[in-house]
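Reading through the structure tokens given below for one structure.
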Amino acid sequence: MQSTNHILMIRPANFAGNEQTAASNHFQQVTGTGDHIHQQALREFDQLKNSLFAAGITVNVIDDTPQPIKPDAVFPNNWISFHADGAVVLYPMMAPNRRIERRVDILERLSERGYHINNLIDLSLHEAANQFLEGTGSLVLDRVHRMAYACLSPRTDVEVLGEFAQRLDYELVVFNAVDVNQQAIYHTNVLMCVGSRFAVLCVDAINKEERKGVLHALQSTGHEIIDIALQQMQSFAGNMLELQNNRGESIIVASQTAIDSLLPAQRSQLELLGGQLIVASIPTIEQQGGGSVRCMIAEIFLPC
């Protein structure tokens, strides 16, 4: 299945703009640190968590540990992914202070909650060679058709992509993409989202010679394209996620910033193809962290 009812979220202990990631993440607007930023991020986190729970999502919340300090702990999808065959993948992270987000105790706690893990695939050893692949930030997965979309960047290395594809039996669709200022887009999931019946995609961001291949891969697997503009991408309109509620109905999770950027026709198309919208206002997390709601959610497909 493409979407799941089970997710992991990490409640941050020390949220702040991460200076170690800002150079390659042009969505970040690091304006400082301080308890007021952290407290606002906590409020935004709790509001999203509560909205998802109320919508019928099984939300596994695990608290970040106060030490060592992990300013981006709220974005777990970058260091871990969970798969329906019981596999868990750990990923190589570019920023040293993000590597400490990988916590074995989280896997133990999920196992205690009834999730079955039978294969741990650790790609983090690639960090020693300065090769990175930041989870479902770098990868946008079509789990049904086993297609992995990835735009190359300092955080998305082609060799690690190859190992991921080989070990998890995915076909790769690799391309280059830039933002409105012609800077490389740091994560694939800010320019595209793949649901069961649709794909939100910023076509203009993709290298012209590679657009046809990306569009063909999506359309040949039955996805209707919702094309967003570069400025909409900058508002995190590509950073959405399809989930399922406890009745098996599809829902779409997106930020208020993203939804506000959509044209009425785009929103109607999204709701028609993707279902109910769950909208969260998370401006502090978006501006300081440079990621939106999709980045805050690690989907759990493990058998349980």
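Each value in this text was obtained by applying a stated rule to the coordinates, not by laboratory testing. No experiment lies behind these values; they were computed from the predicted model shown. Note that each Cβ is placed from the backbone with ideal geometry, even for glycine, and that neighbours are counted across all protein chains shown.
In segment 257-269, the residue that is farthest from Val200 (Cα to Cα) out of those that are assigned to a helix (DSSP H, G or I) and without any contact (Cβ under 8 Å) to a residue 12 or more places away in the chain is Pro264. Going by what's in this entry, would Met93 be described as surrounded by 15 or more Cβ atoms within 10 Å (Cβ to Cβ) and over 27 Å from Asn246 (Cα atoms)? Answer is yes for this residue. If the condition is being outside any strand (DSSP E or B) and crowded, with 20+ Cβ neighbours inside 10 Å, then segment 236-256 contributes Phe236, Ala237, Gly238, Asn239, Met240. Evaluation of Leu272 against the conditions (1) free of Cβ contacts under 8 Å to residues at least 24 places away in the same chain; (2) touching a strand residue (DSSP E or B) at 6+ places or on another chain (Cβ under 7 Å) shows that the sole unmet condition is (2). Only one of the numbered conditions (1) over 20 Å from the mean Cα position of the chain (by Cα); (2) under 25 Å from Glu134 (Cα atoms) is violated by Gln244, and that is (1).
One line per residue, one yes/no per condition, for (1) crowded, with 18+ Cβ neighbours inside 10 Å; (2) in contact with a Pro (Cβ under 9 Å, 6 or more places away or on another chain); (3) over 19 Å from Tyr91 (Cβ atoms):
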| residue | (1), (2), (3) |
| --- | --- |
| Phe175 | yes, no, yes |
| Asn181 | no, no, yes |
| Val190 | yes, no, no |
| Leu201 | yes, no, yes |
| Gly213 | no, no, yes |
| His216 | no, no, yes |
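Reported count of residues in segment 43-86, each being touching a Phe, Trp or Tyr at 6+ places or on another chain (Cβ under 6 Å) and of a type in the set (Phe, Trp, Tyr), is 2. Within segment 122-140, the set of residues being touching a residue at least 24 places away in the same chain (Cβ under 8 Å), among the hydrophobic types (A, V, I, L, M, F, W, C), out of contact with any Asp or Glu (no Cβ under 9 Å at 6 or more places or on another chain) and not in a loop (DSSP other than H, G, I, E, B) comprises Leu125, Val140.
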